[in-house]
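Only one structure is covered here, and it is reproduced in the block below.
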Amino acid sequence: MPVGQINRFPASARAANLILTATSVGRLAGGDGGQASTQAYLRLLTSLANHGLTASSMIRLDHFTQSQGWLAARQKARAACFGMPAPLASTGIATPQERDCLLTVSGIALAEGEARLVAAGAEHNMPAIAAAVRGGPFLFISGILSDGKGSAQSQIEYCLRKIEDLLAMENLTPESLLRLDIFAESQEAVSRAVDVMRTRWPAASFVTGGGPGLFEQEGQIEINALALAGDTPKRIGANERWVAGGGLALSQSWELARGMPAPAMAEAFVELLQEEMKGMDLHPESLARLELRVPPEQVRVARTVQMVGARLDPQSRPAVVTWIADAPPAVRAIVDLPAQP
C-alpha cells in the first residue's frame, strides 16, 4: 500500500519486491549543496522507515541536479545517509531546476531481502557508488558516463561496451535488458544513441527514456540500465511500448507536443497513459510510479503534478517522479503486475 502523501500522491509505493519513491527535493540551504542533498536524502529515508525499512534497503538513487560542480558535497552527504561503500547504484545528471531547488532525488529500495554488489564502482571510474547491483530478479546498472574521447558514436559505443561487460558479470546479455535511460547534450543526441543501441543489439527488446542534460564533464553521454537477471521470464508488449518481468511492467517514454499550457499538458499526460494501460489490460490501481519529464517553460512543476492528479483515475495512487529538460514533455510508467498463479 502507498505510504505518506505528496498532494494526492503517495511518497512511495510498492511494486513487486521494490519500493519506488516519489521525487524528493533538496532546496537552497545557504548555498550548500551538501545540506540540500542531505535534506532530500532524509525525506527518502523517512519514506523507507514508513515501510519498516532502513537505509541499507536502498538499491538505486537517481539525481537531477542544478550542477555537478558540488558533486563531492553530494557524495559526502550520500555516504552519511546511506553508507559508503554500499551496494547502491546511482545516476546524476545536471538539468534545469526550479527557483531555489538544487536537486531532486528519487530512489528504489528492496522491500525484502538484501542487495548484492556485482561490480564495485572504482573499477569503472565511479568510486563513490557501485557500478552494478543485484536486487531480487533485477540488475541495476549505474549511469555510465562516456570517456569524452572520439566521435559521438564512439562515446555511445563506449557506454554500451561497459553495459555489456557488467551484464556479463551476471551471465546476462543485452537481451536481458528491460529499460535504459539515455542522457546527452540534446534530444537529437539521445535519439542517435537509441539508434546505435538498436543496431548494436538487434535481438534485444527494451524500453528507453531520458533526455538532454547539462554536461559539465568531458563525457557527452550517460546511460543507465535495468536488466532482468536469472531465469526470470520477460514479456514484450506490442511495438515494444512495454516490457514486463519480475513482477513489473515498464513503459516506453511517450512524448507529447511541446508548447501546450499546463492544463492541456496534464490532460494529455493522463489520456496517453490511460490509453496505453488499457491497451495492455493494466488496471489503474496497479500504477506504482508515474514519471513526468517537463519542459523548463512549465516552471511550476508541482502545479502540473497537481493537475495530473486531478485527472487520474481515483484508483491510481502512484509515486510521482518529475524532472525538467529542454525537450518535449514526456510520460512513462512502472506498473505492479499481479503474481502469476
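Listed values, structure above:
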read-out	value
Residue of K234, K278, K162 that the Gaussian network model of the chain assigns the largest fluctuation, springs spanning Cα pairs under 10 Å	K278
Sequence of E285, E240 from largest to smallest accessible area, 1.4 Å probe	E285, E240
Label point distance in nm, T46-R311, each placed 7 Å from Cα along Cα→Cβ	2.9
Fraction of accessible area attributable to carbon and sulfur, region 167-207 (%, probe 1.4 Å)	50
DSSP beta bridges in the chain [antiparallel fraction, %, rounded to 5]	75
Environment charge at S205 (Cβ cut-off 15 Å; Lys +1, Arg +1, Asp -1, Glu -1)	+4
Hydrodynamic radius (Kirkwood) for region 190-276, which is based on Cα pairs only, to one decimal in Å	15.5
Surface per residue (accessible, 1.4 Å probe) for region 12-155, Å²	37
Local electrostatic count at G143 - Lys and Arg +1, Asp and Glu -1, tallied over other residues with Cβ under 11 Å	-1
Potential lengthening between H283 and I236 on full extension [0.36 nm per residue; Cα-Cα distance subtracted]	15.1 nm
Extension gain (nm, one decimal) between T54 and D100, 0.36 nm per residue minus Cα-Cα	13.7 nm
Relative packing of 133-143, 217-227, which averages over residues the other C-beta atoms within 10 Å, highest first	133-143, 217-227
Mean residue ellipticity (222 nm) of the chain, computed from DSSP H runs ≥ 4 via -39,500 (n - 2.57), nearest 500	-8500 deg cm²/dmol
Binned Cα-Cα distances of region 34-81, short to long, each 10 Å bin given as a whole percent	25, 54, 19, 2
Inter-probe distance in nm under a simple model that places probes 7 Å from Cα toward Cβ, at E185 and S205	3.6
Radius 12 Å from Cβ of A168, net charge of other residues (Lys, Arg +1; Asp, Glu -1)	-1
27 Å Cα cut-off, lysine pairs counted over the chain (separation 8 or more, or different chains)	4
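The values are calculated or read from the model by the stated rules, or taken from the named source; none is laboratory data. In this text the structure is predicted, and so the values were computed from the model without any measurement. Don't worry about glycine lacking a Cβ; one is built from the backbone with ideal geometry, like all the others, and counts go over all protein chains shown. SASA here: full protein model, heavy atoms, side chains in, ligands and nucleic acids out. Shrake-Rupley method; radii C 1.70, N 1.55, O 1.52, S 1.80 Å.
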